[in-house]
Each structure stands twice: as structure tokens, then as C-alpha cells.
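Read the structure below first, then the notes.
No lab work stands behind these numbers, since they all come straight from the coordinates. Note that the coordinates shown come from a computational prediction; the quantities given were computed from them, not determined experimentally. Cβ sites come from the backbone with ideal geometry, for glycine too, and all protein chains shown count toward neighbours.
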């Protein structure tokens, strides 16, 4: 419980700092490096994830840790929406059998929520039989900015990407 509270405080602090940095013109790569230092979890880049998805391996499971409205606007095809604040017990009840023997990738807008969740669930994922777990470096923003397809709530390709808010929208390239 204390860890969850600290994560919530960290998110609030990051949000305030983020608004200033985004207005100052910080780039997505700056945020990627910052998050990798803050959350020492395994990372997968967009090229590697795209190759895994293209290979059709059934062992890959994608978790989108963004809010339901973000997920409804756009997502990586096949991703499951999961509340990034979900604790280990709830995650286990909902996804425990599903993750056993699979590779899992968590993502959000840029990697904060997904990295925090991956860090929180790390020991559990190991004990649950997950083969490998990683965060998508740069999140859906990096995925989208590099020209990869996102789909809407009907599974149809879309050029709409949920920006989280007006400040974070500065990190999304318009197509």
C-alpha cells in the first residue's frame, strides 16, 4: 500500500514538472532516458516489438496501462487495457493464468505508468511463469511517431492518438 501511495505522489510531482519541461520543448527521447533511470525495468524498442508482432508468435501479450478513454481512442492492435494502479492480487486474479508461459509487454503514452506497473509487478510476474516482461520504450507515442499503425475501439486503423493532455500532445507527431 505504501508503494502505491508513493507512486501516486511521484505521478503528481512528475505531472507538474512535465508541464514545465514540455513547454520548454523537451523531446520524447529526453523522457525515455529519464524514465529508464527512474524505473530500472527491462525495455523493448518499437522496432523489436514490431518484429515480434509480425512474427505471429502467440506467446506475446500486450498490456496497455492507459486510462479507458485513451485506450478507446487508439491502441496497439491486440493490446489489453489494464489499470496501472492494479495491485498484484487483482492482476493475478484477472491475468494470472493468461500470462503463464508468455512474454509480456506493458506500454502507456511514454512509459511512466507502464514502467511503474512493471516495476511493481516484477517479482509476481517472475513467480507467475512469465518468460520475459518489458516496457515499450517511448510508449505508444514512440510507436505512433515512427509511423506504426494504431487501431481504434473497433480495431480499425486510425490516425487519432490520445495525447493524454495538451502538454503531452507536444510529443505526438501529427500525420
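Once both labels are positioned 7 Å from their Cα atoms along Cα-to-Cβ, the gap between residue 153 and residue 126 label points is 4.0 nm. Each peptide among 160-173, 103-116 gets the average number of other Cβ atoms lying within 10 Å of its residues, and from highest to lowest they stand as 103-116, 160-173. In nm, to one decimal, how far is the modelled label at residue 93 from the one at residue 37, with both set 7 Å along Cα→Cβ? Each label point is offset 7 Å from its Cα along the Cβ direction, giving 3.9 nm.
Available extension along the chain between residue 169 and residue 51 is 39.8 nm, counting 0.36 nm per residue and deducting the alpha carbon span. For region 90-175, a Kirkwood hydrodynamic radius built from all Cα pairs, placed in the Stokes-Einstein relation at 25 °C and 0.890 mPa s, yields a translational diffusion coefficient of 172 µm²/s. Once the mean of 1/r is taken over each pair of separate Cα atoms and inverted, region 2-171 shows a Kirkwood hydrodynamic radius of 16.2 Å. Region 112-168 and region 22-76 have Cα centres spaced 4 Å apart. Applying 1/(1 + (r/R0)^6) with R0 = 30 Å to the Cβ-Cβ distance of residue 72 and residue 100 gives a FRET efficiency near 0.60.
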